[in-house]
Amino acid sequence: MKPTPLLVAGGLLLAGLMLFTKPVCLRTEAGDRLLVLWRGQTGRIRFINSVTGQPVAIGFEIARLFQNFSAVTDPTTEAYYTHGVYAMDSALAAESTRRLHFCSSTGMELTLGLYDIHLQGGCLEATLIWTH
């Protein structure tokens, strides 16, 4: 049986969507949500370090995985995380993962693509459903 042009077009559209969409399961204590992201979008988590009391912002790209991480914080907070042994930004830039997990007693803000999630204390987890 020969495929119809409509079936071929539908298959190509589905393959294209699967290639460029990045569905994410966002889990918080309030429940689970499905977010649809696009490859090439960016993300950022912002929170206050509970030990130093200083703000931390971690940025990343949404590609095959969450990757190309970078951090912005003050020197004291960076030394708290790294013990002064390595440069935090270069170490983060080499990381990639399909799962993000953050907890904060004071609250955090997560931006994933066009979604902004605010959490007052607790934990959140964002997991890429597929990583092609």
Just the number: Rg to Rh for the chain, Cα atoms, Kirkwood Rh, two decimals. 1.11
Coil-residue trypsin sites (Lys or Arg not before Pro) of segment 40-132, DSSP, other Cβ within 10 Å capped at 16: R64, R98
Please identify every one of the GluC sites (Glu not before Pro) in segment 38-132 that sits in a loop by DSSP and has no more than 12 other beta carbons within 10 Å of its own beta carbon. E95
What does the net charge come to around A71 if you take all other residues with beta carbon closer than 12 Å to its beta carbon, with K and R at +1 and D and E at -1? -2
Once both labels are modelled 7 Å past Cα along the beta-carbon direction, what's the R44-A93 spacing in nm? 1.9 nm
Contact order relative to length of the chain, as percent, for alpha carbon pairs under 8 angstrom and 6 or more apart: 27 percent
Residue (of A71, F20, A91) at the positive-pole extreme of the chain, dipole from beta-carbon charges: F20
In the chain, which longest range has no chymotrypsin sites (Phe, Trp or Tyr not before Pro) that are both DSSP loop (not H, G, I, E or B) and surrounded by at most 14 other Cβ atoms within 10 Å? 1-85
Computed FRET value (nearest 0.05) for T76 with T111, which takes r as the C-beta separation and R₀ as 30 Å: 0.75
To the nearest 20 debye, what charge dipole does the chain have about its Cα centre, counting +1 at the Cβ of each Lys and Arg and -1 at the Cβ of each Asp and Glu? 640 debye
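Every read-out reported here was derived from the displayed coordinates using simple, explicitly stated rules and does not represent laboratory data. No experiment lies behind these values; they were computed from the predicted model shown. With ideal geometry, Cβ positions are generated from the backbone for all residues, glycine too; neighbour counts draw on all protein chains shown.
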